[in-house]
Structure formats: structure tokens, C-alpha cells
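K.L.:
Have a look at the structure that comes next, please.
The values are calculated or read from the model by the stated rules, or taken from the named source; none is laboratory data. Keep in mind that this is a model prediction, so the values were computed, not measured. Because the Cβ atoms are built from the backbone with ideal geometry, glycine has one as well, and the counts that use them run over all protein chains shown. Remember, those area values only see protein heavy atoms, side chains included, never the ligands or the DNA or RNA. Shrake-Rupley method; radii C 1.70, N 1.55, O 1.52, S 1.80 Å.
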Amino acid sequence: MTNLSFAIECLDCGHQTSFSPLQSGCPNCGSVWRKAVYEYEAIGKALPNLIARRPYNIWRYRELLPVRNPNPDLCLNEGGTPLLRALNLGMILSHPNLYLKDERQGPTASFKDRQAAVTITALKEAGIAEAVIASTGNVAIAYSAYAARAGIKLWAFLTSLVPAAKMREVALYGTQVIKVTGSYDQAKEVAAEFARQRGLYLDAGAKSITSVESMKTIAFEIAEQFTAQRGNSLQSLEGLSTLPWKTPDWYIQSVSGGMGPLGVYKGFEELYRMGIIERIPKIAVIQVEGCAPMVHAWRQGLEDATPVRSPHTLIATLATGDPGRTYTLLRKQILQTGGTFEMVSDQEAFRAMHFLAKMEGLSIEPAAGVAVAGLIKLVRAGQIAPDESVVINVSGHTMPIERNILGEGWSKDVILPSEQMEESTEEGLLAALSKVAIDRFPRIAIVDDNPDVRRLIRRILQSQGDYELFEAANGVEAIELIRFRRPNLVILDLMMPEMDGFAVMEALKASPDTAEIPIIVITAKELSPGEKERLRGHIQTLMQKGDFMSEDLLDEVRAFLK
Ligand SMILES: *Cc1c(COP(=O)(O)O)cnc(C)c1O
Ligand SMILES: [Zn+2]
């Protein structure tokens with residue numbers, strides 16, 4: 001099918017023109033704020049059937065992208081990332097409907113791949129051979145990969161805050177790296193002046209048509225995947241022709257300039273307009289505390305954000321101090337469809353990042369950790385209700401920044417004496433390995449009738465390595481186990497059939513052998529004053545299920561094992 005036409009419409013005067021990537025402003029009024037508009041009615045009718053036959057990448061929605069002819073020679077299979085259920089995170093937050101849009105799985109491991117693919121394809125189509133970008137890291141990496149394929153020369157202006165490993169990757173692709181000692185907003189100014197002097201194409205972030213349009217594909221994919229997952233068959237394309245498609249209640253993303261959510265919103269809005277979905281998700285925009293101009297303006301009810309001149313954050317990816325009109329546009333959308341702006345600290349982001357690696361098996365970069373930390377904050381504040389479905393954009397892959405996250409002692413060393421190395425005697429190896437043997441580690445009994453909860457607690461404790469763990473599935477088993485094994489600590493559930501946690505606690509306290517073992521109670525139950533009284537003086541800590549994070553539990557455990 002040949003592409004239907006699309007036009008570029010000015011947000012300020014409504015004037016329409018055809019698209020050229022080199023034209024950066026409205027020919028009528030000069031405004032740089034414009035958007036692409038498509039023949040929605042015709043496309044809406046055809047889309048559900050068209051896409052079912054196409055590969056799962058961003059080009060399956062080509063009728064809604066500002067490229068006349070997709071270029072298969074440039075394609076790296078961008079987009080089409082999986083939507084993963086986050087069951088362990090959900091269990092800990094008592095929030096079963098959490099999904100992760102795994103953008104790490106793009107060709108250069110961040111969601112900027114979508115932007116780079118659409119922009120570089122449009123530049124190539126327009127015959128442009130040289131381009132300039134300013135970046136906090138990931139844009140430069142993604143553009144570099146696609147520019148290399150397209151034979152386009154790229155100049156990348158990076159703030160000196162960008163981790164050296166990311167800068168080297170940009171250079172590896174053959175891009176000319178220019179390090180700017182200063183903030184990201186300053187790097188943008190230098191890049192703009194350089195492009196102006198040389199008459200080169202400058203990528204204008206949220207003001208660039210191709211960038212915002214590319215982000216719509218995240219919304220299209222989420223709606224498609226949500227429809228497939230919520231039906232019976234995982235990822236099946238059956239049923240996409242039955243309208244409406246389903247959408248989650250929330251979309252959460254960490255932001256720097258805000259181009260991502262702006263485009264994602266436009267994607268959902270277009271689906272809505274075409275009658276494919278019935279509801280646009282609420283969007284939660286998360287910033288880091290040290291650079292949160294949008295959150296401050298939102299809380300004060302302001303239409304314009306006051307720029308943060310010197311951002312204070314280790315998370316360079318998110319250090320845009322001046323969001324400009326992007327904030328104003330996002331705010332308007334969020335006021336219309338619900339949603340919020342929220343901020344978290346660097347430390348909260350690092351914790352969330354560590355947590356996602358330990359509990360979900362996803363190594364994400366700190367910027368993505370910001371989105372997960374934002375989710376935790378909004379769930380705890382009751383702003384996201386337990387029955388609402390949430391998709392979090394896990395926007396990028398860990399770069400070598402882990403030293404900010406892992407404390408001391410993250411590895412154990414097995415040092416083999418050199419002669420034994422040569423002979424490789426079995427005794428030598430065993431002697432060395434005995435240093436990591438578990439029989440000297442503190443012993444903990446986990447008592448809970450729900451095997452998933454036991455597994456989760458086991459996982460939290462084991463992720464730190466140094467415990468010997470026993471499990472009991474009911475009160476009777478628990479007492480027997482504790483008498484026999486003499487653990488240093490008991491983690492006890494209250495509600496269990498037959499012999500409940502209260503009875504276990506009382507039995508342990510009644511026997512001199514076990515009376516001194518500390519007990520941490522973890523319960524999903526709202527306790528009555530009488531029940532609280534029954535526990536008083538007998539247990540060390542009471543933790544509410546769904547209300548503790550893995551680190552909190554670890555802190556408690558460590559405190560009692562000292
Ligand atoms: C760019 C980026 C962001 C912020 O995205 P914007 O929508 O441009 O503000 C968040 N996370 C990662 C990994 C990014 O690369
Ligand atoms: Zn105009």
C-alpha cells in the first residue's frame with residue numbers, strides 16, 4: 001500500500017504545509033511548534049487489518065509516520081519491544097497489574113532508537129548528508145548507529161556529565177563527538193549555533209516532527225499488546241480487528257525534555273480519534289528532584305516552567321533544566337485526561353533500579369529507575385489505585401554506572417594458591433571454596449502458607465547472599481522446624497490455616513529453647529487493637545505486606561542478626 005499523504009500543521013496559526021525536515025518553522029507565522037496530521041478516517045478503517053500482516057517493528061504503523069517510503073536498508077528492527085508482566089514488583093506493592101515496556105531491547109538499548117530510526121530515514125529520504133544533535137547520551141548513541149547505516153555524517157554535542165563509556169560508544173560509530181563543559185541546555189545552544197553557522201540540519205528535540213511522531217509507536221504497541229495480553233492468548237494478533245483495543249489506566253515515564261510522553265500521548269490521541277481505543281491512559285511524568293522544573297510548575301499550578309539553571313543529579317540522561325513549551329503542552333494534556341507530575345531522588349531511583357534487577361531480572365539504567373521509583377511513590381500515596389493497570393516505560397539499559405548502586409562486598413573472592421592452581425588438586429579447590437560455604441551464615445526460618453510469598457521473601461534475602469534459609473508452610477511444621485534447626489530469626493505470617501501465626505509465636509515464647517529467637521511478623525491483615533496487644537512484647541517488628549520494599553526487609557533482618 002502506498003503512503004497516504006500527511007501535512008504539517010502550525011500549533012499557533014493552523015497553517016498547513018507539506019513536510020520537509022529542513023523546514024524548521026511555519027512559513028506563515030514563523031512558529032517552530034507544529035505537528036503532523038494524517039488522513040485519520042481512511043487510515044483508521046484500514047489500520048487493524050493492515051498491521052496484522054506486517055513485521056513487529058515501528059514500520060507496521062507506517063501510515064502514521066512522517067516518512068513517505070520506509071527504507072528497509074536502514075531498518076535495525078526498531079520498536080516491537082515486549083510488554084512484560086512485573087509479578088514480583090506487583091506482589092511487593094500489592095498491585096497485580098504492572099507491566100514493563102522493555103525498551104532496552106531496541107538496537108542500541110534505549111527508546112531513542114525509535115526517534116533515530118524515523119529521523120534518519122526522513123533525512124535520508126530528503127537527501128540530507130550531515131546533521132547536528134545535542135544529547136544527554138542515548139540520543140547520540142541511537143542517531144550514531146542509524147547515521148552510520150545511512151552514510152550521514154553526525155556531529156554530537158554532549159555535556160561533559162555524560163558517562164565516558166557512553167561517549168566512547170558514540171565515537172565508535174564514527175560520529176564526531178564534541179564535549180561541552182556545561183549543562184545540557186548550554187550544549188544545546190552551542191550545537192544550535194554550530195548548525196546555524198554551517199547551515200546543517202539540527203535535531204530540535206520535541207520541536208522536531210520526526211522525533212515526536214516516532215514516540216507514537218510506543219502508544220500503538222502498548223494498545224496492541226494490551227489487547228492481546230488481556231485477551232486469552234499471549235501476543236496473539238487475533239482479535240485486533242475487533243474494536244475497541246484496550247488501553248492501560250496509566251502510562252509512566254521518566255522525563256528530561258518531555259518529548260517521549262508528548263509523542264506517546266499523541267499516539268493514544270490518534271487511536272482515540274480513529275475510534276480504535278475508547279480511552280486515553282493517564283500519564284505520570286517523573287523527574288529527578290535535582291532537575292524537576294515541570295514538577296515544581298505543576299505543583300504551583302503554573303502554565304510555564306521556570307528553568308533549572310544548574311541541575312543537581314548524577315542521572316545525566318534526565319538533566320534538561322529548561323523544558324520550554326513542552327511542559328505547557330504536556331500539562332494541558334494531563335489536565336484533560338488525568339495523570340500527574342512527580343519527582344524522586346537519585347537514591348530512590350538507584351534503589352528501584354537495583355530492585356528491578358534483583359526481583360525482575362531486568363538491568364535498567366538509572367533514568368529508567370526514576371520511572372519505577374515514581375510508580376512506587378504514586379502507589380504508596382494511593383494516587384494509583386490497586387486495581388488500575390499500569391505500563392512503565394523501562395526506557396534504557398544499564399551502562400557501567402553500577403558503582404553508584406552496589407555497596408561494598410558485592411562479590412566474594414575465591415583465591416587459589418598458585419601451586420594448587422597448577423596441580424589443580426581437588427582439596428585445594430575445596431579449601432578455597434569453603435570460604436564461601438553457607439554453613440556459617442545466619443539461619444532464617446520463613447513461615448507462610450503461600451508458596452509465592454515464601455519464594456518472594458527467599459528471593460529478597462538470597463539476593464544479598466549470606467543467609468541459610470528454611471521454609472515452613474504451616475504452624476505445626478514451623479514449630480517442628482524451628483525446634484530442630486534453631487534459626488537465628490523467624491519471619492512469620494499471621495494468617496495460616498489450622499495453627500495461625502499468633503499460636504506459633506506463643507508456642508515459641510512458651511519454650512525456653514526458642515523464647516529468645518527474634519520474630520519479624522509480615523502480614524496482609526489489618527490488625528485489631530486486641531491482636532496488636534497479643535503481639536506486643538513478643539515480636540521485634542511488624543511489617544505490612546505490600547508496604548515494605550526489599551531493602552526495608554533486609555534492613556530489619558540485618559538489624560536483628562547483628
Ligand atoms: C531520553 C531518555 C529519557 C527522557 O525522555 P524524554 O521523553 O526525552 O524526556 C528517559 N529515559 C531514558 C533512558 C532516555 O534515554
Ligand atoms: Zn503558523
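K.L.:
Considering only Cys29, Ser389, Thr326, whose Cα is most displaced toward the positive end of the charge dipole of the chain, charges sitting on Cβ of Lys, Arg (+1) and Asp, Glu (-1)?
P.N.:
Cys29
K.L.:
On a full-extension model of 0.36 nm per residue, what is the gain between Arg440 and Gln347, subtracting their alpha-carbon distance, rounded to one decimal in nm?
P.N.:
Working: separation 93, 0.36 × 93 = 33.48 nm, distance 3.20 nm.
Net length gain for the segment: 30.3 nm.
K.L.:
Based on Cβ point charges of +1 for Lys and Arg and -1 for Asp and Glu, what charge dipole magnitude is obtained for the chain about its Cα centre, in debye rounded to the nearest 20? It would help to have the intermediate numbers written out before the result.
P.N.:
Working: 59 positive and 67 negative charges, 351 e Å.
Roughly 1680 debye, rounded to the nearest 20.
K.L.:
Show that you can apply the helix-only estimate: for the chain, add -39,500 (n - 2.57) for every DSSP H stretch of four or more residues, divide by all residues, and state [θ] at 222 nm to the nearest 500. Working shown, then result.
P.N.:
Working: 19 runs with 223 residues, N = 562.
Computed mean residue ellipticity for the chain: -12000 deg cm²/dmol.
K.L.:
Oh, and also: What ranking do 122-128, 38-44 get when scored by the average of other Cβ atoms within 10 Å per residue, highest first?
P.N.:
Values: 122-128: 17.9, 38-44: 15.7.
Put in order of decreasing packing, that is 122-128, 38-44.
K.L.:
Within 10 Å, count the other beta carbons around each residue, average over each peptide in 176-184, 247-255, and list them highest first.
P.N.:
Values: 176-184: 17.3, 247-255: 25.8.
Put in order of decreasing packing, that is 247-255, 176-184.
K.L.:
Related question: Which value, in Å³ per residue, describes the convex hull spanned by the Cα atoms of the chain?
P.N.:
Details: hull volume 109.7 nm³, N = 562.
Output value, Cα hull per residue: 195 Å³.
K.L.:
Residues in segment 111-149, backbone N under 19 Å from the label point at Lys179 (7 Å along the Cα-to-beta-carbon vector): list them, ranges by number please.
P.N.:
133-141
K.L.:
Can you compute the modelled spin-label distance between Arg558 and Ala164, with each label point 7 Å from Cα toward Cβ, in nm?
P.N.:
Placing both labels 7 Å beyond Cα along the Cβ direction yields 2.9 nm.
K.L.:
Once fully extended, how much extra length lies between Ser310 and Thr242, figured as 0.36 nm per residue of separation less the alpha-carbon to alpha-carbon distance? Write out the running numbers ahead of the final one.
P.N.:
Details: separation 68, 0.36 × 68 = 24.48 nm, distance 5.04 nm.
Computed gain between Ser310 and Thr242 is 19.4 nm.
K.L.:
In the structure shown, do any of Lys358/Lys509; Lys124/Lys179; Lys101/Lys124; Lys282/Lys358; Lys35/Lys188 have a Cα-Cα gap over 24 Å, and if so which?
P.N.:
Working: Lys358/Lys509 35 Å; Lys124/Lys179 26 Å; Lys101/Lys124 29 Å; Lys282/Lys358 28 Å; Lys35/Lys188 22 Å.
Exceeds cut-off: Lys358/Lys509; Lys124/Lys179; Lys101/Lys124; Lys282/Lys358.
K.L.:
Ok, one more. Find how much the distance from Arg534 to Glu130 grows on full extension, using 0.36 nm per residue of separation minus their present alpha carbon separation; answer in nm with one decimal.
P.N.:
Details: separation 404, 0.36 × 404 = 145.44 nm, distance 7.42 nm.
Taking 0.36 nm per residue and subtracting the Cα distance, the gain is 138.0 nm.
K.L.:
Whenever you get a sec, line up Ser395, Ser5 from highest to lowest accessible area (probe 1.4 Å, protein heavy atoms). Before the final figure, lay out the partial values.
P.N.:
Details: Ser395 10, Ser5 70 Å².
If we order Ser395, Ser5 from most to least accessible, we get Ser5, Ser395.
K.L.:
Here is a follow-up. Measure off 7 Å from each Cα along the Cα-to-Cβ vector at Gln105 and Glu278, then give the distance between these two points in nanometres to one decimal.
P.N.:
Once both label points are built, they end up 2.9 nm from each other.
K.L.:
Positive end of the dipole of segment 9-140, charges at C-beta (+1 Lys, Arg; -1 Asp, Glu), about the Cα centre: which of Ile120, Ala109, Gly14 has its Cα farthest in that direction?
P.N.:
Ala109
K.L.:
With unit charges on the beta carbons (Lys and Arg positive, Asp and Glu negative) and the dipole taken about the Cα centre of segment 442-561, which residue among Ala478, Val447, Ala515 sits farthest to the positive side?
P.N.:
Ala515
K.L.:
Here's something else I'd like to know. Can you sort Thr340, Thr242 by solvent-accessible area, 1.4 Å probe, largest first?
P.N.:
Values: Thr340 10, Thr242 90 Å².
Putting Thr340, Thr242 in descending order of accessible area: Thr242, Thr340.
K.L.:
Enumerate the calculated ³J(HN,Hα) couplings along segment 530-542 in order (Karplus 6.51 cos²θ - 1.76 cosθ + 1.60, θ = phi - 60°), each rounded to whole Hz, writing x wherever the residue is Gly or Pro.
P.N.:
Per-residue couplings from phi come out as x, 5, 4, 4, 4, 7, 4, x, 9, 10, 8, 9, 10 Hz.
K.L.:
Can you compute the FRET efficiency between Leu542 and Arg486 using 1/(1 + (r/R0)^6), with r the Cβ-Cβ distance and R0 = 25 Å? Round to the nearest 0.05. Could you put the intermediate results ahead of the total?
P.N.:
On the way: r = 23 Å, r/R0 = 0.94.
Calculated value: 0.60.
K.L.:
For the pair Arg380 and Ser511, what calculated FRET efficiency results from E = 1/(1 + (r/R0)^6), where r is the Cβ-Cβ distance and R0 = 35 Å, to the nearest 0.05? Intermediate values should be presented prior to the final figure.
P.N.:
On the way: r = 39 Å, r/R0 = 1.10.
Step by step, r from the Cβ atoms, then E = 0.35.
K.L.:
Rounded to the nearest 10 degrees, what's the angle between the helix 366-380 long axis and the longest principal axis of the chain, both from Cα atoms, 0 to 90?
P.N.:
That helix lies at roughly 60 degrees to the long axis.
K.L.:
Same structure, new question: Round to the nearest 0.05 the FRET efficiency obtained for Ala171 and Leu22 when R0 = 22 Å and r is the Cβ-Cβ distance. The partial results should precede the final answer.
P.N.:
On the way: r = 27 Å, r/R0 = 1.22.
It comes out at approximately 0.25.
K.L.:
Which Cys in the chain stand alone, with every other cysteine's Cβ at 4.7 Å or more from theirs?
P.N.:
Cys75, Cys291
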